[in-house]
1. With labels modelled as points extended 7 Å from the Cα through the Cβ direction, what inter-label distance (nm, one decimal) is found for T140 paired with N77?
2. Within the range 77-120, what residues put their amide N at less than 11 Å from the label point 7 Å along the Cα-to-Cβ vector of Q170?
3. Over the chain, what is the relative contact order in whole percent, taking alpha-carbon pairs under 8 Å and six or more residues apart?
4. List, in order, the whole-Hz ³J(HN,Hα) value for each residue of the range 15-26 obtained from phi through the Karplus relation with A = 6.51, B = -1.76, C = 1.60 and θ = phi - 60°; use x for Gly and Pro.
5. Non-local amide H neighbours of E105 (under 5 Å, H modeled in plane, Pro and chain starts lacking H): which ones?
6. So, in nm, how far is label D161 from label R15 when the simple model puts each one 7 Å beyond its Cα toward the Cβ?
7. Provide the per-residue ³J(HN,Hα) series for the range 125-138, in order, calculated from phi with Karplus coefficients 6.51, -1.76, 1.60 and θ = phi - 60°, each as a whole number of Hz, with x at glycine and proline positions.
8. State log₁₀ I(q)/I(0) for the chain at q = 0.08 Å⁻¹ as given by the Debye formula over alpha-carbon point scatterers of equal weight, solvent excluded.
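Where a number appears in this text, it was derived from the coordinates with a stated rule and is not lab data. What you see is a predicted model, and the numbers here were worked out from it, not measured in a lab. Note: ideal-geometry Cβ built from the backbone for every residue, glycine included; neighbour counts use all protein chains shown.
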Amino acid sequence: MTDVADLTTGGEILRITRWGEAVLHEPTIPVSQFDDELHQFLRNMFATMAAAQGVGLAATQVGDHRSIFIYQCADENDQVHQGVVINPEVILPEGTSRQLVSEEEGCLSLPGAFSSLSRPSTAICHGLDHDGQEVEIHGTGLLARCLQHETDHLLGIVFGDRLSARSRKQLYRDHEELEYRFGKDWPITPKGEFDPARAGSTQD
């Protein structure tokens, strides 16, 4: 058995994919192998998430089609939770227990841009951990939003798909204004260290 803390060191920073790349808009493949290759991949994901200063990361965001996401995120009480969820399913409240909260949301695959999006204030996520053991996470606050956002990724959904056409257009405009700070291999090359003039081209 491997402790999840052991997966947060020894990883290689990977390039984060961008909206528009096919892998981000396609459903993922369930995981059935829980081996050393998977654990090293998870180390790479944790290294990448840390370098990008994110709170969650889906496998599709580093170009992998497996149904995996990781998180290091605070709940409504500012308690930080960390873990791995494989083959996840999110259960959202219904009826009178369903309360929507509108908060700013962003995505590492559209860096620099944020938009207000309403989501249920709580979420329960079922799945498997890095060793194939069943896990259940009860999310509140930002953690609830993270669980929903990352599970969406594994269904081929980016949060812009949940916005109105007007809000989505503004989101893209905001991203384009700051895109120059994020090189095509970000976060391998850190934010702000990419020089479009030196590279001889602008970001696309």
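1. 0.7
2. 114-117
3. Rounded, it is 23 percent for the chain.
4. Result, rounded to whole Hz: 6, 8, 5, 10, 3, x, 6, 3, 4, 7, 10, 10.
5. Close amide H contacts, sequence-distant or interchain: S115, S116, L117.
6. So the two model labels end up 2.3 nm from each other.
7. My calculation for the range 125-138 gives 10, 9, x, 10, 8, 5, 9, x, 8, 5, 9, 9, 10, 9 Hz in order.
8. -0.27
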